[in-house]
Amino acid sequence: MNTPRISYAHLITTVNPRHVASLVRFFEHGAKSERENGYGVEIEHLPVHNGSDEAVNYYEPNGIETLLDRLRPYYDADEEHWENGRLVGLGRKGIGISLEPGGQLECSIGVLHRPEELVGEYGTFRKQINPILDDLGIRLINYGYQPKTSYADVPLNPKSRYAAMTEYLGRVGKFGPCMMRCSASTQVSIDYHNEYDAIEKLRIGTAIGPIMAWFFRNTPYFEGQTNPYPLLRQLMWDTQDPQRTGIIPGLYDSRFGWEDYAVDVLSTPLMFADLTHTPEASSLPDPQKHRVAFRDNAGEIYPDRELNAYEINHVLSTHFNDVRLKNFIELRHWDSLPIDRAERLTEIVGSLFYDRANRERLESYFGGINEFDVIETKTDLQAHGAHSTPYGQPLAFWQEFLGLEGLLADEPGDPKHPDVFQA
């Protein structure tokens, strides 16, 4: 009898072995020593008008483009990101400002060595941006979804990638344009030390992520109404495109490793091909360096050679698993959170993944689970909310087991509406 496959995803695709090897080397080079144990934190903000609470878009007068332009003096000129002649990103040491498809403003901070460093770095960002926001009549709120505006009323920012993603995700699954244009998240990244450590963190993070998402839920609204879904962010991603979202195929097979992750990522159609840093494409007109790739995977787009770092990062960025592997591990479960709650989340993540005793306790507890157990837990949380029993245990058990205390649940996502929280 043949040994079962690790995964039955992408059965009739082929990948380039050189591409696989280049991703594995990329993961190897990302390994850090246990002494480093860094953090990266990304907080996406929803820009709204002070008077109406409606979404602010990129193109409107005194909109997101104006905001970025006014912020430019605080950032390094050589770290500006322009696309199609429009400013779409800023950067300086330790912080990057970028845009999600609907003009959501993402503040990416790291590498941090202690969770409490987050508040200081973020405070500098807010000290610089707040006077500009006040002058433009805008505020940045921390909810998982726009409070009043429908996805249909939010135009895409100028990035070519997002036009391709909308065309693709608007035709498969559910909620694609909603997620792209109106949602906002908090993501925490952690280091890994070797292949075993990386895979174990991916498994544990995938298993506990839905539970932690419940305790940090922060989405009072959906499409201008009270949000009816216990975990809207999870629901939107789980019903998107199963070949690039949710649980990594084969993750809980004991044989799973970096090469299996690389094969999965490289097998998936890219949605959008970026050849701007592919030397062999230098003679192509600029529009042809950005093109849709609804069928083609990396092996059908990139040359038969080792991929460069830019190409690798682009390929990895087209996957949106619950927990994502790059040259760090990105935990992606949470709604946009106000800064104090984001700091507390980062502290908890650090305690669970970097404290040896907690880590061993988690590995022991989850040692026998499989992907169907995780799927069952996700479904249970969506169906039963506060009455769910993830992995057979009530939420009170998980709050104690995972150290989910002092969650600052009374910290509003929008100070203008301090009494609004997700039920």
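The values are calculated or read from the model by the stated rules, or taken from the named source; none is laboratory data. What you see is a predicted model; the values in this text were computed from it and never measured. Counting neighbours? That spans all protein chains shown, and the Cβs are built from the backbone with ideal geometry, glycine included. Heavy atoms of the whole protein, side chains included, go into the accessibility calculation; ligands, DNA and RNA do not. Shrake-Rupley method; radii C 1.70, N 1.55, O 1.52, S 1.80 Å.
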Can you compute the label reach from A77? Point 7 Å from Cα along the Cβ direction, backbone N cut-off under 20 Å, restricted to region 100-139.
none
Quick check on my link table: of K148/K174; K127/K159; K174/K378, which ones sit more than 24 Å apart, alpha carbon to alpha carbon?
K127/K159
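Give me the orientation-averaged projected area of the Cα convex hull of the chain, in nm², one decimal. Don't skip to the end; give the middle numbers.
Details: hull surface 81.8 nm².
So the mean shadow area of the Cα hull is 20.5 nm².
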For region 243-332, the per residue accessible area (1.4 Å probe, Å²) is 37
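Compute the Rg to Rh ratio over region 266-423 from the alpha carbon atoms, using the Kirkwood formula for Rh, and round to two decimal places. All intermediate terms of the calculation are to be shown ahead of the outcome.
Details: Rg = 21.2 Å, Rh = 19.6 Å.
Over the Cα atoms of region 266-423, Rg/Rh equals 1.08.
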I need the fraction of alpha carbon pairs in region 199-247 separated by more than 11 Å, rounded to a whole percent.
73
First obtain the Kirkwood hydrodynamic radius of region 82-146 from its Cα pairs, then insert it into the Stokes-Einstein equation at 25 °C and 0.890 mPa s, and state the resulting D in µm² per second as a whole number.
183
Where the centre of each part is set by its Cα atoms, how far does region 223-263 sit from region 74-89, in angstrom?
31
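Give the average over all directions of the projected area of the C-alpha convex hull of region 78-205, one decimal, in nm². Spell out each step's value before the answer.
Numbers: hull surface 43.2 nm².
Taking the Cα atoms of region 78-205, their convex hull projects to 10.8 nm² on average.
How much of the accessible area of the chain, probe 1.4 Å, is carbon plus sulfur, in whole percent? Display every interim value, and only then the final one.
Details: 8970 of 17790 Å².
The value for the chain is 50 percent carbon and sulfur by accessible area.
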In region 353-397, what is the volume of the convex hull around the alpha carbon atoms, normalised per residue and reported in Å³?
86
Accessible area in square angstrom per residue, region 36-159, 1.4 angstrom probe:
40
Can you compute the equivalent ellipsoid semi-axes for region 261-345, i.e. the square root of 5 times each eigenvalue of the Cα gyration tensor, sorted largest first and rounded to whole Å?
30, 15, 12
Residue separation between A423 and E121 times 0.36 nm, minus their alpha-carbon distance, gives in nm 105.6 nm
Rg (Å, one decimal) plus Dmax (Å, integer) for the alpha carbons of region 1-112?
20.7, 68
Write out the chymotrypsin sites (Phe, Trp or Tyr not before Pro) in region 1-34 meeting two conditions: DSSP loop, and at most 13 other Cβ atoms within 10 Å of their Cβ.
Y8
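When only DSSP loop residues count, what chymotrypsin sites (Phe, Trp or Tyr not before Pro) in region 200-296 have their Cβ near at most 16 other Cβ atoms within 10 Å?
Here the sparse-neighbourhood loop sites are F294.
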Among M180, Q234, F216, flag the residue with its Cα farthest along the positive direction of the charge dipole of region 136-256, charges on Cβ as +1 for Lys/Arg and -1 for Asp/Glu.
M180
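Quick one, could you list the DSSP H helices from the chain stretching 24 Å or more along their long axis (Cα atoms) with average Kyte-Doolittle hydropathy of -1.0 or above?
Working: long enough: 117-136 (29 Å, -0.32); 195-215 (30 Å, 0.37).
Flagged H segments are 117-136, 195-215.
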Is the shape of region 9-57 rounded, prolate or oblate, going by the alpha carbon gyration tensor and its root eigenvalues a ≥ b ≥ c, with a/c under 1.5 for rounded and a/b larger than b/c for prolate?
oblate
Centroid-to-centroid separation of region 363-416 and region 332-350 [C-alpha atoms, Å]:
15
Each label sits 7 Å from Cα toward the beta-carbon; between A386 and H29 the label points are separated, in nm, by 5.1
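Let me know the longest stretch in the chain that avoids all trypsin sites (Lys or Arg not before Pro) found in a DSSP loop with at most 14 other C-beta atoms within 10 Å.
Numbers: sites that count: R5, R35, K93, R171, K174, R255, R295, R305, K416.
My reading of the result: 306-415 is the longest stretch.
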What number results when the radius of gyration of region 174-220, computed over Cα atoms, is divided by 2.2 N^0.38 Å?
1.48
Checking G224, G38, G350 against a Gaussian network model of the chain (alpha-carbon springs below 10 Å), the top fluctuating residue turns out to be G224
Sort out the exposed loop GluC sites (Glu not before Pro) in the chain (DSSP loop, at most 12 other Cβ within 10 Å) and tell me the longest stretch that has none.
117-404
Can you give the translational diffusion coefficient of region 309-389 in µm²/s, computed by Stokes-Einstein from the Kirkwood radius over Cα pairs at 10 °C and 1.306 mPa s?
103
Relative contact order of the chain: what whole-number percent is it, with Cα pairs under 8 angstrom and at least 6 residues apart?
22
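With a sphere of radius 15 Å drawn around the Cβ of P285, what net charge do the other residues whose Cβ falls strictly inside it have (Lys, Arg +1; Asp, Glu -1)? Let's see the in-between values first.
Numbers: positive: K289, R291; negative: D274, E280, D286.
Result for the local shell: -1.
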